[in-house]
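Where a number appears in this text, it was derived from the coordinates with a stated rule and is not lab data. Only a predicted model underlies this, so the values are computations on that prediction, with no experimental measurement involved. Here Cβ is always computed from backbone atoms with ideal geometry, including for glycine, and neighbour counts include all displayed protein chains.
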Amino acid sequence: MSNGRNTTLVSWLWALVPAVTLGLGTPAIMAHAAVKKRSRAQAVAVAVYLAAVAALFGVDRDRGGLDAALFTAAMVVLLFVGLAHAVAIRAWVFADDSPAVSRSQPSPVLEQQAAAVAVHRETVAARETARHLMDDQPALAHELRIGRPDLVGRTFPDGGLVDVNRVDARTLAQHAHLPLPLAEQVVAVRDGIGGYGSFDDLVALSGVPPHELDPARGVLVFSRRLG
């Protein structure tokens, strides 16, 4: 909150420079605004104010006539027009300095959300790569121990896959988030028939209700044969 008040105070001091300097500081603050906001229109305004300064010091007002008129016009532009201009663009010039609108520092919550989404996407991509290896290169998949969280020394990240045809009931329950009795039923049927060919086979043959297996579908894989 104090940073916001400080920014507001500085912006008003900046806008009052034309009044404090009798217009002589107007070109400087306008040049600051043009550079900060990278504004061509503001750069044109700087040229106008510089021309007014040149007129202010280039004429002799004591001679009267045109010189006096140019001097007065230059003072009006630098002081009154410059002051009105500065007040009008004050908020625009200092908008990026307000912590409330800063976009360079996202909140910790948003950073955590972005990190979680990134991890999820990487995990899904890892699973798809591992599935393709099991389908296209089963021997390599076996060597990489894809779907075998029960084995130590694995180095290939498979996204948390579980090979229904190879793991024991406790591993299946733990990593596929299934109740242990259901996992034991799946393994018992598997051992009796020699393995499942797909998720549909698992649903059709295991006797486990489909709604109990659906939550685990994303992590289950089925090797072609038991080793």
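Odds and ends about this structure:
- Exposure proxy ranking for Ser107, Ser39, Ser206, based on other Cβ atoms within 10 angstrom of each Cβ and starting from the fewest, stands as Ser107, Ser39, Ser206.
- Gained length - Val10 relative to Leu50, 0.36 nm times residue gap less alpha-carbon distance: 12.0 nm
- When peptides 123-129, 170-176 are ranked by their average number of other Cβ atoms within 10 Å per residue, the highest-first order is 170-176, 123-129.
- Nearest-ten-degree value, helix 108-136 long axis tilted from longest Cα axis of the chain: 40 degrees
- Placed amide H near Asp163: partners under 5 Å, 5+ positions off or other chain: Arg148, Val221
- Look at the dipole of the chain built from charges on Cβ: of Ile29, Val167, Ala55, the Cα furthest out on the positive end belongs to Ala55.
- Selection of trypsin sites (Lys or Arg not before Pro), the stretch 1-83, meeting DSSP coil and at most 14 other Cβ within 10 Å: Arg38
- Using only side-chain charges placed at the Cβ, +1 for Lys and Arg and -1 for Asp and Glu, the dipole size of the chain relative to its Cα centre rounds to 840 debye.
- Phi angles across the stretch 88-94 convert, under the Karplus curve 6.51 cos²θ - 1.76 cosθ + 1.60 with θ = phi - 60°, into 3J(HN,Hα) values of 5, 9, 3, 5, 5, 5, 9 Hz, Gly and Pro given as x.
- 3J(HN,Hα) couplings calculated from phi for the stretch 149-159 with the Karplus curve 6.51 cos²θ - 1.76 cosθ + 1.60 (θ = phi - 60°) are, in sequence order, x, 7, 9, 8, x, 6, 10, 8, x, 9, x Hz; Gly and Pro show x.
- Here the Karplus relation 6.51 cos²θ - 1.76 cosθ + 1.60, evaluated at θ = phi - 60°, turns the backbone of the stretch 58-70 into coupling constants of x, 10, 10, 5, 5, 7, x, x, 5, 4, 5, 5, 5 Hz, with x for every Gly and Pro.
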